[in-house]
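Reading through the structure tokens given below for one structure.
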Amino acid sequence: MDLIRHLECFAAVAEESHFGRAAERLGMAQPPLSQRVQRLERELGVRLFERTSRQVTITKAGTLLLAEARELLARSEALMATARRIRDGESGLLRAALPPDIAGETVTAILAEFQERHPGVELELGELTTSQQLAQFASHDLDAGLLHHPCDVSGLELGPVLRREVGVLLARDAPEAALDTVPLAALTPYDLILFHRAAAPALHDDVLTTCARDGYTPAAVRHGQGASFIRGLILSANAVALSPRDAHPEHTADRDPDLVWRPLTGAPLSWRLSAAWPRGRSDTAVRAFAEAATRALRETSDVSSEPPPHPLRLRPASEYWL
Amino acid sequence: MTGALTRLREAFDAAGVTGRLHAVDIDSGAEISAGGDRTVVTASVHKLCLLVALHQQAAEGRLDLTERIDVPAAGRAPGPTGLAAMLDPVRISLRDAAYLMMAVSDNAAAEVLLTRVGLDAVNATTARLGLAHTHAVHGFRELLDTVKEDAGPEGAQALTDPYVIARLRALDPARTNRSTPRDMTRLLGAVWRDEACAPEHGAAIRRLLGLQVWPHRMASGFPFDDVHVAGKTGSLPTLRNEVGVVEYPDGGRYAVAVFTRAAGTAATLPAADAVIGTAARVAVEALRAA
């Protein structure tokens with residue numbers, strides 16, 4: 001019996017409390033999943049689940065075994081990942097991801113530095129949103145990534161957090177384009193174009209909260225990420241977009257003749273990014289990717305690492321106090 | 001049940017949190033679980049374990065709950081409520097210190113009681129009740145000390161920095177006080193069925209859980225004057241928990257444990273507090289319909 005594969009099935013059913021959903025998550029059909037769990041129960045001589053027609057409930061014995069099963073799965077995953085990379089000296093595969101809004105120049109710099117320092121390691125670099133990266137860290141399909149904060153960082157280690165200043169992208173002939181800095185409240189006549197909430201829900205909500213606090217509650221929020229989609233909406237649908245400064249260089253040949261980027265008054269918004277990887281699973285390749293991503297961002301984007309001067313007023317219901 | 005699980009997932013997602021929930025009908029044993037066997041950080045929820053251990057020792061005659069103790073002004077565990085926030089020396093009975101610990105999550109009162117009861121006794125109590133995944137590795141003062149140490153020289157200010165959050169030992173279930181949602185509903189069930197302590201002690205524990213003042217978490221999901229909510233919260237940066245019992249006028253009683261971890265690092269996130277009530281309500285309604 002492939003114990004690890006069977007334990008994976010056990011953990012999935014325990015977490016979903018449902019054979020159908022667990023099968024879906026594992027990418028397999030339900031009957032073989034049920035058979036595997038039954039086989040594991042026979043092998044261990046322990047009943048893991050109570051099954052009724054309506055639900056699956058983990059037994060006390062199942063509960064007692066679940067933590068150990070998870071530990072074993074995590075160890076096995078770490079072992080496979082390490083083995084994959086050390087197999088022939090330093091050669092192997094590093095599965096890494098970047099979020100969609102990273103500038104092309106930054107992507108090039110990351111790839112170049114990584115290849116130079118680790119020519120033997122194959123870097124499989126994908127474009128994934130923050131939410132997708134978190135999901136793939138959890139399912140052990142990703143070794144390292146670059147995340148937008150805030151997000152749930154449980155079980156992760158992070159590199160330094162960098163900030164990209166965010167401003168507004170508007171039509172060059174819009175009246176607000178004449179201002180040196182644009183107050184958020186001045187954007188009231190416009191709809192807002194923002195990335196899909198599912199990409200980074202907490203950042204999405206934070207942005208709207210900050211806009212509202214500073215007097216901008218857009219009549220409509222249009223979700224989109226692609227440059228030409230955003231450009232079209234700005235030019236013909238009375239909308240503006242929030243975007244980092246480094247994505248819109250003003251003094252280069254490829255600047256957009258019809259759009260202009262302006263800083264927001266008081267710099268109320270920034271995108272915060274950091275490299276991330278699952279806790280305890282960093283090796284030289286993971287560290288090299290994290291360093292390359294951090295350095296490339298520093299060199300190709302307008303980033304700073306100073307925290308904003310935001311006083312924190314803890315309230316009594318916080319229950320903690322320093 | 002599947003519908004309820006979907007609604008739970010949607011509610012947690014809309015509030016920007018990762019949520020784990022276990023709820024059980026105390027009398028029928030019907031249950032609902034959304035990650036109910038995941039190991040979670042308990043934070044101040046562990047004060048409930050301490051309270052049960054305190055009452056077990058009282059029941060065994062090892063301490064007298066009306067005994068008064070002196071709590072000097074200096075050297076108290078830090079906190080924003082109760083004795084931790086008071087400025088002058090206090091003389092208080094053990095059971096009234098327990099009241100402060102449960103009603104306003106008073107860290108100083110909890111530390112005074114923990115010194116008397118002992119960490120080993122708290123772990124022995126939870127082990128005896130069969131809570132195999134529940135364990136306290138340190139007291140509340142020591143817990144806050146790790147937060148202070150890991151936050152570094154910038155103090156509380158640093159606690160909104162994701163880099164610092166990712167390094168807090170207090171948020172890693174392997175290195176701090178922990179449990180599972182299922183263990184906590186099991187504990188509540190034992191208290192409500194008088195299996196954890198003799199009935200008069202069970203009643204005292206239930207009374208204190210019912211005197212908790214916070215309206216923003218589990219209680220917010222049950223805006224009904226005839227529904228009783230008794231619980232204990234737990235909070236740390238990005239982490240908001242509550243375990244409690246919801247009692248309906250028809251006699252239905254449900255133990256619910258909700259543990260959340262917010263994506264946002266802001267200290268004030270009303271939606272993350274309220275979703276504990278929303279999730280508890282979804283779970284209780286599913287159990288009542290079952």
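So who's got an amide H within less than 5 Å of the one on B:S93, skipping anything under 5 residues away but keeping other chains? H placed 1.01 Å off N, in plane.
Correct list: B:I69.
Suppose a student asked you for the relative contact order of region B:19-86, using Cα pairs under 8 Å spaced at least 6 residues apart; what percent would you report? Walk me through the numbers before you get to the answer.
Working: 35 pairs, mean separation 10.5, N = 68.
Reported as a whole number, the value is 15 percent.
With r as the distance between the Cβ atoms of A:E105 and A:H196 and R0 = 22 Å, compute the FRET efficiency 1/(1 + (r/R0)^6) and round to 0.05.
On the way: r = 24 Å, r/R0 = 1.10.
For A:H196 and A:E105, the calculated efficiency is 0.35.
For region A:163-302, divide the Cα radius of gyration by the Kirkwood radius and give the resulting Rg/Rh value with two decimals. Write down the numbers at each step before the final one.
Details: Rg = 16.6 Å, Rh = 16.3 Å.
My calculation puts Rg/Rh at 1.02.
GNM on chain A, C-alpha springs below 10 Å: top fluctuator among A:A241, A:A227, A:A290?
It is A:A227.
Debye calculation, C-alpha points only, no solvent: report log10 I(q)/I(0) for chain B at q = 0.08, 0.11 Å⁻¹, in the same order as the q values.
The computed values of log10 I(q)/I(0) come out as -0.31, -0.60.
I want the antiparallel fraction of DSSP beta bridges within chain A, as a percent rounded to 5.
Working: 26 of 42 bridges.
Rounded to the nearest five, the antiparallel share is 60 percent.
Quick one: buried accessible area between B and A, total over both chains, 1.4 angstrom probe, nearest 100 Å²?
Details: alone 12460 and 17500 Å², together 25890 Å².
Approximately 4100 Å², summed over both chains.
Residues of B:234-241, mean number of Cβ from any other protein chain within 10 Å of their own Cβ, rounded to a whole number? Write down the numbers at each step before the final one.
Numbers: counts 2, 4, 3, 3, 4, 3, 3, 1.
Per residue, the number of nearby Cβ atoms from other chains is 3 on average.
Quick query: amide H of A:F49 versus all other amide H atoms, modeled in the peptide plane; which residues come in under 5 Å with a sequence gap of 5 or more or a different chain?
Residues meeting the criterion, in which the H sits 1.01 Å from N, are A:T59.
Which value, in Å² rounded to 10, gives the accessible area of A:R279 with a 1.4 Å probe and all protein chains present?
The accessible area comes out at roughly 80 Å².
Between region B:223-290 and region A:92-147, what's the alpha-carbon centroid distance in Å?
Distance between centres, Cα-based: 38 Å.
Would you mind working out the magnitude of the charge dipole of chain B relative to its Cα centre, with +1 at each Lys and Arg C-beta and -1 at each Asp and Glu C-beta, to the nearest 20 Debye?
On the way: 30 positive and 33 negative charges, 74 e Å.
It works out to roughly 360 debye.
Gaussian network model of chain B, Cα springs within a sub-10 Å range: biggest mean-square fluctuation belongs to which of B:L48, B:L269, B:L21?
Its mean-square fluctuation being the largest, the pick is B:L269.
Apply the Karplus parameterisation 6.51 cos²θ - 1.76 cosθ + 1.60, with θ equal to phi minus 60°, to every residue of region A:160-172 and state each ³J(HN,Hα) to the nearest whole Hz, in sequence, with x for glycine and proline.
x, 8, 10, 10, 9, 5, 10, x, 10, 9, 9, 5, 4
Take chain A, drop everything but the C-alpha atoms, weight them equally and run the Debye formula without solvent; then report log10 I(q)/I(0) at 0.14, 0.15 Å⁻¹ to two decimals.
Summing over Cα pairs of chain A leads to -1.11, -1.18.
Across peptide A:143-152, how many C-beta atoms of other chains are within 10 Å of each residue C-beta, on average? Numbers along the way, then the final one.
On the way: counts 0, 0, 0, 0, 1, 2, 8, 10, 7, 10.
Mean shielding count: 4.
FRET efficiency for B:E10 and B:D88, Cβ-Cβ distance as r, R0 = 30 Å, nearest 0.05?
On the way: r = 49 Å, r/R0 = 1.63.
Using R0 = 30 Å, I get an efficiency of 0.05.
Which order do peptides B:210-223, B:56-69, B:92-105 fall in by mean Cβ count within 10 Å, highest first? Could the numbers behind the result be given before it?
Numbers: B:210-223: 18.9, B:56-69: 14.4, B:92-105: 22.5.
Listed from highest to lowest mean packing, they are B:92-105, B:210-223, B:56-69.
Cβ neighbours within 10 Å, averaged per peptide: list A:103-110, B:137-144, A:15-22 in order, most packed at the top. The partial results should precede the final answer.
Details: A:103-110: 17.1, B:137-144: 21.0, A:15-22: 19.5.
Averaged packing, sorted descending, gives the order B:137-144, A:15-22, A:103-110.
First measure r as the distance between the Cβ atoms of A:A178 and A:E116, then evaluate 1/(1 + (r/R0)^6) with R0 = 41 Å and state the FRET efficiency to the nearest 0.05. All intermediate terms of the calculation are to be shown ahead of the outcome.
Values: r = 45 Å, r/R0 = 1.10.
After rounding to 0.05, the efficiency reads 0.35.
Only Cα pairs within less than 10 Å get springs; with that Gaussian network setup on chain A, which residue of A:T57, A:T130, A:T265 has the largest fluctuation?
A:T57
Ordering B:K47, B:K148 by accessible area with a probe of 1.4 Å, largest first, what comes out? Each step should come with its number before you reach the end.
Values: B:K47 0, B:K148 115 Å².
Output order, biggest surface exposure first: B:K148, B:K47.
Take every residue in peptide B:259-266, count the Cβ atoms of other chains within 10 Å of its Cβ, and give the average of those counts. Could the numbers behind the result be given before it?
On the way: counts 0, 1, 3, 4, 15, 10, 8, 6.
Mean partner shielding for this stretch: 6.
Going 7 Å from the Cα of B:E142 in the Cα-to-Cβ direction, what parts of region B:36-66 have a backbone nitrogen less than 18 Å from that spot?
B:41-51, B:53-54
Enter the mean projected area of the convex hull around the alpha-carbon atoms of region B:138-208, in nm², rounded to one decimal. Intermediate values should be presented prior to the final figure.
Details: hull surface 25.4 nm².
Spelled out: convex hull of the Cα atoms, projected over all directions, averaged, 6.4 nm².
Please state the Cα pair-distance histogram of region A:1-160 with 5 angstrom bins from zero: what percent is in each bin?
Histogramming region A:1-160 at 5 Å steps yields 1, 8, 14, 16, 16, 14, 11, 9, 6, 3, 2, 0 percent.
With a bin width of 10 angstrom, please list the P(r) values of the protein assembly as shown as percents of all Cα-Cα pairs, from the 0 bin to the one holding the largest distance.
Final binned percentages: 3, 15, 24, 24, 19, 11, 4, 1, 0.
Tell me, what % of the accessible area of region A:14-166 is carbon and sulfur with a 1.4 angstrom probe? All intermediate terms of the calculation are to be shown ahead of the outcome.
On the way: 3850 of 7390 Å².
Roughly 52 percent of what the probe reaches on region A:14-166 is carbon or sulfur.
Take the alpha-carbon centre of region A:1-66, take the same for region B:92-108, and report the distance between them in whole Å.
Between the Cα centre of region A:1-66 and that of region B:92-108, the gap is 43 Å.
Excluding ligands, DNA and RNA, what is the solvent-accessible area per residue of chain A at a probe of 1.4 Å, expressed in Å²? Don't skip to the answer; put the middle values down first.
Working: 15430 Å² over 322 residues.
Result: 48 Å² of accessible area for each residue.
Heavy atoms only, probe 1.4 angstrom, no DNA, RNA or ligands counted: give me B:M1, A:M1 ranked by accessible area, highest first. Kindly include the intermediate steps, with their values, before the conclusion.
On the way: B:M1 55, A:M1 80 Å².
Correct descending sequence by accessible area is A:M1, B:M1.
Using the Karplus curve 6.51 cos²θ - 1.76 cosθ + 1.60 with θ = phi - 60°, what ³J(HN,Hα) values do you get for each residue of region A:140-157, in whole Hz, with x for Gly and Pro?
6, 9, 9, 9, 7, x, 10, 10, 8, 9, x, 8, 6, 9, 4, x, 10, 10
Which residues does a label at A:D141 reach in region A:22-49, if reach means a backbone N under 16 Å from a point 7 Å past the Cα toward the Cβ?
A:22-29
Can you pull the percent of region B:131-178's accessible area that's carbon plus sulfur, 1.4 Å probe, other chains left in place? Kindly include the intermediate steps, with their values, before the conclusion.
Details: 920 of 1990 Å².
Carbon with sulfur: 46 percent of the solvent-accessible area.
Extending each Cα 7 Å along its Cβ direction at B:R62 and B:T268, get the distance between those two points in nm, one decimal.
Inter-label distance under the simple model: 4.4 nm.
About the Cα centre of the protein assembly as shown, how large is the charge dipole given +1 on each Lys and Arg Cβ and -1 on each Asp and Glu Cβ? Please answer in debye to the nearest 20. Provide the component values of the computation, followed by the final result.
Numbers: 65 positive and 76 negative charges, 267 e Å.
About 1280 debye.
How much of the accessible area of region A:177-322, in percent, comes from carbon and sulfur atoms when a 1.4 Å probe is used?
Numbers: 3820 of 7190 Å².
Carbon plus sulfur share of accessible area: 53 percent.
Along its three principal axes, how long is region B:57-134 when you only count alpha carbons? Whole Å, largest extent first please.
That works out to 40, 27, 20 Å along the principal axes.
For region A:73-222, compute Rg over Rh where Rg is the Cα radius of gyration and Rh is the Kirkwood radius from the inverse mean 1/r over Cα pairs.
Reported Rg/Rh (Cα atoms, Kirkwood Rh): 1.08.
The values are calculated or read from the model by the stated rules, or taken from the named source; none is laboratory data. Model, not experiment: these values are computed from the prediction. For neighbour counting, all protein chains shown are included, and Cβ atoms are generated from backbone atoms with ideal geometry for every residue, glycine included. Ligands, DNA and RNA are excluded from the accessible area calculation, which covers all protein heavy atoms including side chains. Shrake-Rupley method; radii C 1.70, N 1.55, O 1.52, S 1.80 Å.
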